[in-house]
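So the structure is just underneath, and the comments pick up after that.
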Amino acid sequence: MVPPDDVAPDARPPRLTDLVALCRRLNEEHARYVVIGGMAIIQAGFVRATEDIDLLVDTSPENIARVRQALRSLPDRAIDEMADSDLDHYVVVRVADEIVVALMKAACGIEYHEASRSVTDMVIDGINIPFASPRLLWRTKQTVRDKDRLDRAFLASILSPDDRS
């Protein structure tokens, strides 16, 4: 595990193939999650890099067990360092494996149950991936971070004023 603002020294930036493989495992475990952050903004059409895969997850004990099992498919099994209660105590739990997977209970106050009603399902290489919709991304990007400001500028260009309220 790494602190939220630190880059994992041995992790590499994730590729789309990493996201597909991870979502394949999450789906096989019947985990409840939504892809948010950089990977979702890229799928919405904004060309930019990302350092991790951000997942908003249902934090029920059963679902956390499913997420843990899926993340054990990563080579270093870094998920084994996460305590079951970590998502209740930290805003972001960064699982620093070959790639970094950032797990969140909420993003800008939006928890999984609410977010799950505003996803854009995309099938990539035969795998269904629940991405945050542009409107949901807008709501989760209301921070002071520079990259969120840039993401908001992109989202403002594709969303109507009503969708941004």
Residue pairs meeting the criteria (Cβ under 7 Å; at least 6 apart or on separate chains; first touching a residue at least 60 places away in the same chain (Cβ under 8 Å) and surrounded by 15 or more Cβ atoms within 10 Å (Cβ to Cβ), in the stretch 103-114; second among the hydroxyl-bearing types (Ser, Thr, Tyr) and assigned to a helix (DSSP H, G or I)): 107/140
Answer residue from the stretch 2-22, given it is assigned to a loop (DSSP other than H, G, I, E, B) and surrounded by 17 or more Cβ atoms within 10 Å (Cβ to Cβ) and is modelled with the highest pLDDT among those: 14
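Can you pull out the residues in the stretch 100-117 that are hydrophobic (A, V, I, L, M, F, W, C) and either assigned to a loop (DSSP other than H, G, I, E, B) or in contact with a Cys (Cβ under 9 Å, 6 or more places away or on another chain) (or both)?
Residues of the stretch 100-117 hydrophobic (A, V, I, L, M, F, W, C): 100-104, 106-108, 110, 115.
Listed by number, the list holds a single entry, 108.
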Pair list, Cβ under 7 Å, 6 or more apart: the stretch 154-165 residue within 13 Å of residue 139 (Cβ to Cβ), other residue outside any helix (DSSP H, G or I) and of a type in the set (Lys, Arg): 155/141
Residue among 68, 25 that is touching a helix residue (DSSP H, G or I) at 6+ places or on another chain (Cβ under 6 Å), touching a residue at least 40 places away in the same chain (Cβ under 8 Å), part of a helix (DSSP H, G or I) and surrounded by fewer than 20 Cβ atoms within 10 Å (Cβ to Cβ): 25
Candidate set from the stretch 41-65 (those that are under 18 Å from residue 93 (Cβ atoms), touching a helix residue (DSSP H, G or I) at 6+ places or on another chain (Cβ under 6 Å) and not charged (D, E, K, R)); member that is surrounded by the most Cβ atoms within 10 Å (Cβ to Cβ): 56
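The values are calculated or read from the model by the stated rules, or taken from the named source; none is laboratory data. As the structure is a prediction and not an experimental result, all values here were calculated from the model. No Cβ is skipped: glycine too gets one built from the backbone with ideal geometry, and neighbour counts run over all protein chains shown.
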